Amino acid sequence: MSGYPYQQQPGAPRPSGNPFADQVNPYAAPQATAFQPQMAAAAPSKFPGLWRKGNVLVMHKMAPLPDICLMSNQPATRRLKRNLQWHHPLIAITILAGLLVYVILALILTKRATIHIPLTEEWYERRKRRMIFSWCAGLAFLGLIFLNRLEVWMWNV
């Protein structure tokens, strides 16, 4: 008998009476022991530097994205190049010391990354249609403002 009183033979039901207690529960919370950190217990990823945190894709700034569309999970045929830059939000506190101080610190402490976002042809065309619609709607709005001002000017003449 070992040091734990509740250890039994494999396959035998546990004292709780649950015959499925030895099976792996896929919905169970991840377990880590003091001798085996959780990161070491995790299976190695096919794409190092990429992981999910809920519904958010988290990535290292140098990690390549796989040739899988981020929107539809189909094989990607196009890539969008995006230049990203960011700095820690607490740098905004330096605005109290002066706008010039903030600008200098933000320029010095800004981190940059270039990523190539994979998309299928369908999602690329959908993006293009939405951009065209948005530009047309914005220009139509500006045109209506101009026509309104023109009408007000014509009535005042």
Check your understanding: List, please: which pairs have Cβ atoms under 8 Å, are six or more places apart or on different chains, and start with a residue in the range 101-112 that is touching a residue at least 24 places away in the same chain (Cβ under 8 Å) and end with one that is part of a strand (DSSP E or B) and of a type in the set (A, V, I, L, M)?
Key -> Arg112/Leu84
Practice item. Determine if the range 116-132 includes at least one residue that is touching a residue at least 24 places away in the same chain (Cβ under 8 Å), out of contact with any Phe, Trp or Tyr (no Cβ under 6 Å at 6 or more places or on another chain) and of a type in the set (Phe, Trp, Tyr). Key: yes
Exercise for review: Filter the range 69-82 for residues that are touching an Asp or Glu at 6+ places or on another chain (Cβ under 8 Å) and part of a strand (DSSP E or B) and give the result.
Suggested key: Pro75, Arg78
Exercise for review: Mind listing just one residue for me: the one in the range 48-60 that is under 12 Å from the mean Cα position of the chain (by Cα) and farther than 22 Å from Thr120 by Cα and, of those, surrounded by the most Cβ atoms within 10 Å (Cβ to Cβ)?
Suggested key: His60
Practice item. Could you please let me know if Ile104 is of a type outside the set (Ser, Thr, Tyr), more than 28 Å from Pro48 (Cβ to Cβ) and surrounded by 15 or more Cβ atoms within 10 Å (Cβ to Cβ)? Key: no
Point to revise | Test for Pro89: is it exposed (fewer than 12 other Cβ atoms within 10 Å of the Cβ), over 17 Å from the mean Cα position of the chain (by Cα) and touching a residue at least 40 places away in the same chain (Cβ under 8 Å) | key: no
**Study point:** Residue count, the range 83-134 (criterion: in a strand (DSSP E or B) and among the β-branched types (Val, Ile, Thr))
**Key:** 3
Check your understanding: Of these, Phe47, Phe35, Phe20, which one is modelled with pLDDT under 75 and in contact with a Leu (Cβ under 9 Å, 6 or more places away or on another chain)?
Key -> Phe47
Check your understanding: Assuming His116 fulfils every condition listed in (1) over 30 Å from Leu70 (Cα atoms); (2) of a type outside the set (A, V, I, L, M); (3) out of contact with any Leu (no Cβ under 6 Å at 6 or more places or on another chain) apart from one, which condition is it?
Key -> (1)
Revision key, fill the gap. Note on Ser134: of the conditions (1) modelled with pLDDT under 90; (2) polar (S, T, N, Q); (3) not assigned by TED's automatic domain parsing to the domain that holds Arg52, unmet is (1)
**Study point:** Given (1) assigned to a strand (DSSP E or B); (2) under 23 Å from Arg126 (Cβ atoms), number of the condition Pro66 does not satisfy
**Key:** (1)
Review point. Right, Leu84: within 21 Å of Arg112 (Cβ to Cβ), in the same structural domain as Leu107 (by TED's automatic domain parsing) and modelled with pLDDT of 85 or more or not?
Key: yes
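The values are calculated or read from the model by the stated rules, or taken from the named source; none is laboratory data. Just so we're clear, the structure is a prediction, and the values are computed from it rather than from any experiment. Backbone-built Cβ (ideal geometry, glycine too); neighbour counts: all protein chains shown.
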